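Reviewing the structure listed below.
The values are calculated or read from the model by the stated rules, or taken from the named source; none is laboratory data. In this text the structure is predicted, and so the values were computed from the model without any measurement. Positions of Cβ are generated from backbone atoms using ideal geometry, with glycine treated the same way; all protein chains shown enter the neighbour counts. SASA here: full protein model, heavy atoms, side chains in, ligands and nucleic acids out. Shrake-Rupley method; radii C 1.70, N 1.55, O 1.52, S 1.80 Å.
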Amino acid sequence: MKGQVAALVGPETVELKEFDVPDPEPGAVVLEVTRANVCGSDVHIYHYESPLLRNSVLGHEFVGRVHALGAGVTTDYAGEPVELGDRVVAVYFLACRRCAGCLKGEFSLCRNSLRLWARRPEEAPHFYGAFATHYYVDPEQYFYKVPDALSDETVAGANCGLAQMLFALDRIDLRSGENIVIQGAGGLGLYAAAVARDRGARVFVVDAVPERLELARAFGAHDVIDMREHTTPLDRAKRVQELTGSDGADVVLEVTGVAAAFPESVELAGIGGRIASVGNINVGPAHEVALTPGLITRKNLTVRGFLRYDPWYLHKAIEFLARVHEDYPFGRLTDRDYSLAEITEAIQRGAARQVARAGVVPNA
Ligand SMILES: [Zn+2]
Ligand SMILES: [Zn+2]
């Protein structure tokens, strides 16, 4: 049986390649991809902004159906029985349990996390990206069964956006009654709004796109700050002070991917505030900004970056969705669906930042 992958072969150049769908080795699982999303990271990778992922298969946010189980696989990583045809989600990176990060028990700091995804598609078992008909779950990769009540649309973003937000907001210690300002109402920002609201925080979201601001309210924001109305960082900091009735936010979450948002995080945070920096992942001269470090000192700020999550947070993401999927419009995170042949169009649609996510249905 043959399957297809969308391989990145050059900057902004994608080619569909065909390979034999492999049989899983002991401990591995082969999935048929039922739905994938275009995440902001896929857009960066497409533009060759990731040094590691330049000749790999694109795509990492997805849900799939079990096509073949390797010898010995009878349950997922939560001990739930799995059978052929079950829907599962998989963590898109590895925790090798052998590197300096894993040695400290910090699986999100694994130095080898992208070891499999970075492979060239010509290398067997080929299917290490989600913009493909099939996906190969390595024996060391965490995966979890999806309850029937959750649609593919609802769970497709669980293994990146949602798990990442649950992890970041835990690590930044967002507590009930605190004020959080979320910079950016893309997929990450909307998930974060729902998680923060669910925790009993007062939630404010900053963005410039009217449809996204409206979605932010639907995902639990108590109020929004429209950048077309509050046009400078200082205007927005003043608005945050009015909304919080304080000298700034307890927690600021940056999920824009725009470098200028970081010095603004420092402006928006109140004294003793905590900043979670997640959206900015690019480095180099094009991504440098001016910053006043004295503000961090004077305000006694805590600044933390988060890239990836502890793999079991994907299980928390599924439990969260099972509990709240009727409270927030998760189906509205994507607009129209794209086939594998339309992958370039889907990525460009994702890059336009008008909708949160473009959806990819490889086996339609
Ligand atoms: Zn992602
Ligand atoms: Zn490791």
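Structure above, values below:
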read-out: Selection from the range 162-175 of residues that are outside any loop (DSSP other than H, G, I, E, B) and either of a type in the set (A, V, I, L, M) or open to solvent by less than 10 Å² (accessible area, probe 1.4 Å) (or both); value: L162, A163, M165, L166, F167, A168, L169
read-out: Test result for V203, β-branched (V, I, T), in a helix (DSSP H, G or I) and within 23 Å of A322 (Cα to Cα); value: no
read-out: Selection count where residues are open to solvent by 60 Å² or more (accessible area, probe 1.4 Å) and assigned to a helix (DSSP H, G or I), scope the range 279-304; value: 6
read-out: Among the residues listed as P125, P139, the single one being closer than 23 Å to E83 by Cα, open to solvent by 30 Å² or more (accessible area, probe 1.4 Å) and assigned by TED's automatic domain parsing to the domain that holds L69; value: P139
read-out: Close pairs from the range 30-55: first within 10 Å of ligand 1 (Cβ to nearest atom), partner part of a strand (DSSP E or B) and open to solvent by 10 Å² or more (accessible area, probe 1.4 Å), Cβ under 8 Å, at least 6 apart; value: N37/T334; N37/R357; V38/R357; C39/R357
read-out: The range 235-273, subset hydrophobic (A, V, I, L, M, F, W, C) and open to solvent by 30 Å² or more (accessible area, probe 1.4 Å), residue farthest from G184 (Cα to Cα); value: I271
read-out: The one condition in (1) closer than 28 Å to E342 by Cα; (2) among the small types (G, A, S); (3) open to solvent by 10 Å² or more (accessible area, probe 1.4 Å) that G184 fails to fulfil; value: (3)
read-out: Qualifying residue in the range 151-161 (condition: assigned to a strand (DSSP E or B), under 23 Å from E61 (Cα atoms) and open to solvent by 20 Å² or more (accessible area, probe 1.4 Å)); value: no
read-out: Single match in A276, A351 (criterion: surrounded by 14 or more Cβ atoms within 10 Å (Cβ to Cβ) and in the same structural domain as S41 (by TED's automatic domain parsing)); value: A351
read-out: Residue match in the range 90-108 (condition: touching a residue at least 12 places away in the same chain (Cβ under 8 Å) and away from ligand 2 (no atom under 16 Å from the Cβ)); value: yes
read-out: Hits in the range 92-116 - residues which are open to solvent by 20 Å² or more (accessible area, probe 1.4 Å) and within 16 Å of ligand 1 (Cβ to nearest atom); value: Y92, L114
